[in-house]
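The values are calculated or read from the model by the stated rules, or taken from the named source; none is laboratory data. This is a predicted model, so every value here is computed, not measured. Heads up, the Cβs are rebuilt from the backbone with ideal geometry, glycines too, and the neighbour counts pull from every protein chain shown.
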There are 2 protein chains.
Amino acid sequence: MLWADKIRVVKPYVPGEQSKNQNIIKLNANENPYPPSPEVKKAISEFDFDTLKKYPDANSMELKSALAENYNIKTENVFVGNGSDDVLALAFMSFFNSNKPILFPDITYSFYPVWCSLFNIPYENPALDDNFRIVLKDYEKENGGIIIPNPNAPTGIGENLSFIEELLQKNQDVIVIIDEAYVDFGCESAIPLIEKYNNLVVVQTFSKSRSLAGLRVGAAFASKELISILEAVKNSYNSYTLDSLALVGATASVKDKKYFEETIKKIINTRENAVCEFKKLGFKTYESKTNFLLVSHEKIHAKDIFLKLKEKDIFVRYFNSKRIDNCLRITIGTDEEMDKLFSALKEILA
Amino acid sequence: MLWADKIRVVKPYVPGEQSKNQNIIKLNANENPYPPSPEVKKAISEFDFDTLKKYPDANSMELKSALAENYNIKTENVFVGNGSDDVLALAFMSFFNSNKPILFPDITYSFYPVWCSLFNIPYENPALDDNFRIVLKDYEKENGGIIIPNPNAPTGIGENLSFIEELLQKNQDVIVIIDEAYVDFGCESAIPLIEKYNNLVVVQTFSKSRSLAGLRVGAAFASKELISILEAVKNSYNSYTLDSLALVGATASVKDKKYFEETIKKIINTRENAVCEFKKLGFKTYESKTNFLLVSHEKIHAKDIFLKLKEKDIFVRYFNSKRIDNCLRITIGTDEEMDKLFSALKEILA
C-alpha cells in the first residue's frame, strides 16, 4: 500500500468473549445478572421520539444534576461520557501529557496499556505483592500521573480511603485517577476527597452496579478545574457523546436509589455464599469488593477448568497473562446461575 | 497548580447555539425539521430493556448489515460510530499520522482544525475560489492526507463524482476522506468508488437526512484494509461506542427507505422555494446540495440580520470568520418555519 507509512498501527484491547447462544451462563464480562431499574424503561418509553431530530444536550445537565445530588457535590464537579472507557480514554488524553512515565499496577485493567500505546504515554508497572495488594511505596517515585482501580480488577481487592489519601499526599504534582468501576459492591468511594485534592479524578461506570452495560454511560468526578479541562478535550473530540435516550435512561437509574441498593445487596450476598462454595471445592479466593471473584484451584489448572466450563455452556474469564495464568475471574451471577456453576465445577473436579 | 505542566490545553469546537425555549425557530444546527421514521420508535419500544444489563454488540453487525445492503457493499466495508464526529475523530487519529500537512479547504467544517490540534496533525488550507468552489490543482501537492466535505459546509456547494475521482487519481499515496454529512440532499455519494480506490474513506451521518441527531450515529465506508485499521483504533479507544438502543433505532431507520426518500424530497422542495424567496428579498445564495443555504444580503450586514432574527426567536448561524463574515448559514426548516423566516426578514429589511 502506497499509504502504509501514514497509518497508525495499534494492538487493540480484547474484550471478553461474546456468544450468540442465549442459553449460555455468561460470567465472563462482569455484567450485572439483574435487569436495570424499571424506571429506565419507563423514562425511555415516555420520551418524545420526535425530538430525536435535535442534537442532545451537549452538557448532559439533567444527568449531571442527578449525579451531583446523589453524591452531594456540584454539577461543575461532574463529567459524563460514552461508558467509562470513553471517560478514561479522554482522561488519559487530557491528564497524562508529560514525558515522565505514568504508574499503574502490573495486574490491572488491561485497557490501560492500550491507551498508553494509542496516545504515546510512557508507563511503568509496579508489581502487586504476593497477595496481589498494591504496594504504596512503589508510587512515591517521580511520575507523570497515576491510575489505580479501587477495587482493583481482576483481583477484586479493595483498599480503604486512608490508603487513597496517602497516595494523594505523596503525589500532589500529578493527576491521580481512581477507577471505581466496581466500587459500589462494597468499597468506599473517593468522591468526598475531590474537595480536598484538586488533582484527584474519580471515574465510575453505569455498566456494573446499575445494570446498564448496554446503554454506555460513565462518569468522572473531580475539581472544577479538572472537569473543565476534561470538557474542553471532550469538546475537541466529539461534542455530543451521550445520545438523548442514554441521558434519559441513565438519569432515571440514578434517581432510583432503592432499586440500586437492593440489587447491590443481592449480589454481595451471592458473592459471599460463593466464596464459601469455592473454598469447599478446594479453590483459593481473594477477598472481593466487586461483582466477581478471582479464584485458582489447588490441583487443576485454570485453563482446563475454563475450557471444561465452556463445554458446559458456562463462560468465565481466563487471562493468559503472567502471574494470573492459573486464575479465573468469575462474575457473580444470580443464585440460580451460581448453583449451576458449582454443579458443573463439582462434575469437573470429580 | 503543581500539575499544570502535565495537562493538555485545547481550544474546543464551538457548536451552534442551543436554547431552552421550545418556541424558537431553530435553523442554526442543520437539524432535520421532520421527525425520524416511525420505525425507529417502534423498534426501540419493542426492545427488551432487561438486556441493557449486557454489553451491546461491539461489532454492530445488524446495523452494518443494513447499511451494507442499502449501499450494495459488504459489511467488511462498513464502520459505525457515535455520530460522524466520533467516526471522523477516529479517522483523523488512524489515517493522518504523517509529518506532512493534511489538506482541507479554508472554508469548511470548523471541527477539522480542532482535531488537527488535538492529535498534533500539521495541516494546510487551500483557499476556495471567489465562487467558493474547491480548486482541484491545490490538492496536487505533496501532503499527509486529504479531507473534503462533499457537499462542502457551510457553502452548501457539491461536486460531482468525476471531480472526486480526479482528486483520488492525483492522491493515491495518502488517505482521502470525503465527508458526506449532507450528501443525501442532492449530491452523489462516492461510496461506489471504494471498490476502485483502497485509499478512499467516505463518512456519513444519521444526524441530518435521517433526523437522528439525538441518537448519535455515524458511519464510514472504505476498503476492507482501511475499515480494519479504523476498527483496531476504535477498539484501542472504546470498544463499545454505540449503545443497544442506538443500534436498534439506527437499523430501523436504514430499513425504512420510503420514509427517508419522502423526507429528503420535502426538504429539497422547500430549499428550492427558499432560494427564490431569498433572491426576491435581495439575498445572494450559493447553489446548495444540502439542507441549508449560505446567503448574504446586498445591503444589510449578515451580523445585523442575525441579531434581529434572534430578537424574533429565529436562530440562524453566523460565523465570525474571514471571507464568510457577511454570510448566514440557514437550515431548511418546514414550509411553515420558512414562511415565518421570510415574514421576519421582510420586516427587518423594510
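Being within 14 Å of chain B (Cβ to nearest Cβ), crowded, with 22+ Cβ neighbours inside 10 Å and in a loop (DSSP other than H, G, I, E, B) is not true of A:Gly156. The numbered conditions (1) more than 8 Å from chain A (Cβ to nearest Cβ); (2) more than 30 Å from B:Lys54 (Cα to Cα) are all true for B:Val203 except (2).
Select the helices (runs of 4 or more DSSP H) contained entirely in segment A:230-328, then report the ones holding at least 3 residues which are touching a strand residue (DSSP E or B) at 6+ places or on another chain (Cβ under 8 Å). Give the derivation first.
On the way: elements: A:244-255, A:257-280, A:302-311.
Per the criteria, A:257-280, A:302-311.
Remark: pairs (first residue in segment B:168-191, away from chain A (no Cβ under 14 Å) and surrounded by fewer than 24 Cβ atoms within 10 Å (Cβ to Cβ); second residue among the aromatic types (Phe, Trp, Tyr) and assigned to a strand (DSSP E or B); Cβ separation under 8 Å; 6+ apart in sequence or on different chains) = B:Ile191/B:Phe221.
Pick out the one residue from B:Leu309, B:Leu328, B:Leu293, B:Leu281 that is more than 20 Å from B:Phe79 (Cβ to Cβ), over 18 Å from the mean Cα position of the chain (by Cα) and surrounded by 22 or more Cβ atoms within 10 Å (Cβ to Cβ). Even if it seems obvious, please write down each step before you answer.
Values: B:Leu328 fails: over 18 Å from the mean Cα position of the chain (by Cα); B:Leu293 fails: over 18 Å from the mean Cα position of the chain (by Cα); B:Leu281 fails: surrounded by 22 or more Cβ atoms within 10 Å (Cβ to Cβ).
Result: B:Leu309 is the single residue among B:Leu309, B:Leu328, B:Leu293, B:Leu281 that is more than 20 Å from B:Phe79 (Cβ to Cβ), over 18 Å from the mean Cα position of the chain (by Cα) and surrounded by 22 or more Cβ atoms within 10 Å (Cβ to Cβ).
Could you count how many residues in segment A:331-344 are surrounded by 18 or more Cβ atoms within 10 Å (Cβ to Cβ) and under 27 Å from the mean Cα position of the chain (by Cα)? Adding up the residues that qualify gives 5.
Here is a yes/no grid of residues against (1) touching a residue at least 60 places away in the same chain (Cβ under 8 Å); (2) of a type in the set (Val, Ile, Thr):
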site: A:Ile264; (1), (2): yes, yes
site: A:Arg271; (1), (2): yes, no
site: A:Glu277; (1), (2): yes, no
site: A:Lys284; (1), (2): no, no
site: A:Ser288; (1), (2): yes, no
site: A:His297; (1), (2): no, no
site: A:His301; (1), (2): no, no
site: A:Asp304; (1), (2): no, no
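Looking at segment A:118-134, which of its residues are on the phi < 0 side of the Ramachandran plot and either under 20 Å from the mean Cα position of the chain (by Cα) or surrounded by 12 or more Cβ atoms within 10 Å (Cβ to Cβ) (or both)? So that I can check it myself, show each step before the final result.
Residues of segment A:118-134 that are on the phi < 0 side of the Ramachandran plot, as a first pass: A:118-119, A:121-131, A:133-134.
Matches in segment A:118-134: A:Leu118, A:Phe119, A:Ile121, A:Pro122, A:Tyr123, A:Glu124, A:Asn125, A:Pro126, A:Ala127, A:Leu128, A:Arg133, A:Ile134.
Each residue in segment A:329-350 was checked for being part of a helix (DSSP H, G or I) and β-branched (Val, Ile, Thr), and 1 pass. A count restricted to segment B:308-336 and to residues that are among the acidic types (Asp, Glu) and touching a residue at least 40 places away in the same chain (Cβ under 8 Å) stands at 2. Residue check: is B:Ala220 away from chain A (no Cβ under 13 Å) and crowded, with 22+ Cβ neighbours inside 10 Å? Yes.
When A:Asn59 is tested against (1) in the same structural domain as A:Val248 (by TED's automatic domain parsing); (2) touching a residue at least 24 places away in the same chain (Cβ under 8 Å), exactly one condition is not met: (2). In the condition set (1) touching a Lys or Arg at 6+ places or on another chain (Cβ under 8 Å); (2) buried (at least 23 other Cβ atoms within 10 Å of the Cβ); (3) under 21 Å from A:Tyr259 (Cβ atoms), A:Phe95 is compliant with all but (3). Among residues of segment A:35-61 being in a loop (DSSP other than H, G, I, E, B) and facing chain B (nearest Cβ under 7 Å), the one that is farthest from A:Gly81 (Cα to Cα) is A:Pro35.
Return yes when B:Asn125 is without any contact (Cβ under 8 Å) to a residue 60 or more places away in the chain and either in contact with a Lys or Arg (Cβ under 6 Å, 6 or more places away or on another chain) or among the small types (Gly, Ala, Ser) (or both) and no when it is not. Talk me through it step by step, then tell me what you get.
Working: without any contact (Cβ under 8 Å) to a residue 60 or more places away in the chain: yes; either in contact with a Lys or Arg (Cβ under 6 Å, 6 or more places away or on another chain) or among the small types (Gly, Ala, Ser) (or both): no.
When the stated conditions are applied, B:Asn125 does not pass them.
Checking each residue in segment A:164-185 for being in contact with a Ser or Thr (Cβ under 8 Å, 6 or more places away or on another chain) and more than 21 Å from A:Ile73 (Cα to Cα) picks out A:Val174, A:Phe185. Among the numbered conditions (1) in contact with a Phe, Trp or Tyr (Cβ under 7 Å, 6 or more places away or on another chain); (2) of a type in the set (Gly, Ala, Ser); (3) within 14 Å of chain A (Cβ to nearest Cβ), the only one that B:Ala302 does not meet is (3). Against the conditions (1) closer than 28 Å to B:Pro105 by Cα; (2) at pLDDT below 95, B:Tyr286 satisfies every one except (2). Within segment A:73-85, residues that are within 14 Å of chain B (Cβ to nearest Cβ) and in a loop (DSSP other than H, G, I, E, B) have Cβ atoms under 9 Å from residues that are crowded, with 24+ Cβ neighbours inside 10 Å and β-branched (Val, Ile, Thr) in these pairs: A:Asn82/A:Val217; A:Asn82/A:Thr241; A:Asn82/B:Thr241; A:Gly83/A:Thr205; A:Gly83/A:Val217; A:Gly83/B:Thr241, counting only partners at least 6 apart in sequence or on another chain.
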